[in-house]
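Participant: Structure incoming, see below.
Values quoted throughout were computed directly from the atomic coordinates according to the rules given, and no laboratory measurement underlies them. Everything numeric in this text was worked out from a predicted model, so none of it was measured. For neighbour counting, all protein chains shown are included, and Cβ atoms are generated from backbone atoms with ideal geometry for every residue, glycine included.
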Amino acid sequence: MGWGYRALTFDTQFFEEMKHRGVPVWRIGAGVNMAFRRKAFELVGYFDERLGAGASGCSEDSEVWYRILADGWICRYEPTAVIYHYHRSDIDGLKSQSYQYMRGHVVALLLQFFNYKHWGNLRRLFIALPRYYAKRLLCEVKRGFAPKDSSIFSEIVGCLAGVKFYINSQKAPAKQALPSVSNHHS
């Protein structure tokens, strides 16, 4: 994930320093290769399957990392743990994956706000992401933007779909709604 060959520890200091901006838990790595102590699940709960592929899109990995850090524990990036993972080989596959990633990311931001009242999650959603996409779109236009070769619109639509998914889930019957899966103790 581009973090190099040095082990990194993500701890309470990282969480507290980033909380006001929306903690970038995706920096921890990719969920394709993870290991947990059983105690972690006992403390914060299991993966929220509503965030997985086939549901909101993805982000069940980074959302559980958020809960672990929010409850004062640590996550570690260990570059010596290697895995080979299939990546999309065409632009349509990339666009689909980008849409799913952003849809799940937005749902996770809203869940994290609902569960912890960390305003940085809403700041990221309503300020940082629109600013990021405006700058990125401007850069692409300056370089001779070719929409067919870019995933930017798929990502933006994914963000909007994430908000819609979250809102619709709140209208669902209580046992299907998306309030909280963690047994965290704020």
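Participant: Given bins 10 angstrom wide, list per bin the percent of all Cα-Cα distances in the chain, short to long.
Facilitator: Bin by bin from 0 Å, the calculated values are 9, 34, 37, 18, 2, 0.
Participant: Most exposed first by the Cβ proxy, i.e. fewest other Cβ within 10 Å, how do Y66, Y99 rank?
Facilitator: Going from sparsest to densest Cβ surroundings: Y99, Y66.
Participant: Given the -39500 (n - 2.57) contribution per DSSP H run of 4+ residues, what per-residue ellipticity at 222 nm results for the chain, rounded to the nearest 500 deg cm²/dmol?
Facilitator: -15000 deg cm²/dmol
Participant: Evaluate E = 1/(1 + (r/R0)^6) for K148 and A53, where r is the Cβ-Cβ distance and R0 equals 25 Å; express this FRET efficiency to the nearest 0.05.
Facilitator: The computed FRET efficiency comes out at 0.50.
Participant: If you don't mind, there's one more thing I want to ask. Just to check I understand the Karplus step: with θ = phi - 60° and J = 6.51 cos²θ - 1.76 cosθ + 1.60, what whole-Hz values come out for the stretch 20-28, glycine and proline as x?
Facilitator: Per residue, the Karplus-derived 3J(HN,Hα) values read 5, 9, x, 4, x, 5, 5, 5, 5 Hz.
Participant: Turning to a different aspect of this structure: Skipping prolines and chain starts, which residues have an amide H placed within reach, meaning under 5 Å, of the one on F10, given they are 5 or more residues away or on another chain?
Facilitator: Close amide H contacts, sequence-distant or interchain: C75, R76, Y77.
Participant: Can you work out the Karplus-derived ³J(HN,Hα) for every residue in the stretch 100-111? Use 6.51 cos²θ - 1.76 cosθ + 1.60 with θ = phi - 60°, whole Hz, and x for glycine or proline.
Facilitator: Going residue by residue, I get 4, 4, 6, 4, x, 4, 5, 4, 4, 4, 5, 4 Hz, with x marking Gly and Pro.
Participant: Something else about it: Across the stretch 80-169, how many lysine pairs separated by 8 or more positions, or lying on different chains, have Cα atoms within less than 28 Å? It would help to have the intermediate numbers written out before the result.
Facilitator: Details: K95/K135; K95/K142; K95/K148; K95/K164; K117/K164; K135/K148; K135/K164; K148/K164.
So the count of such lysine pairs works out to 8.
Participant: If packing is taken as the average count of other Cβ atoms within 10 Å, what order do 101-108, 21-28 fall into, highest mean first?
Facilitator: Working: 101-108: 25.9, 21-28: 20.1.
Peptide ranking by packing, descending: 101-108, 21-28.
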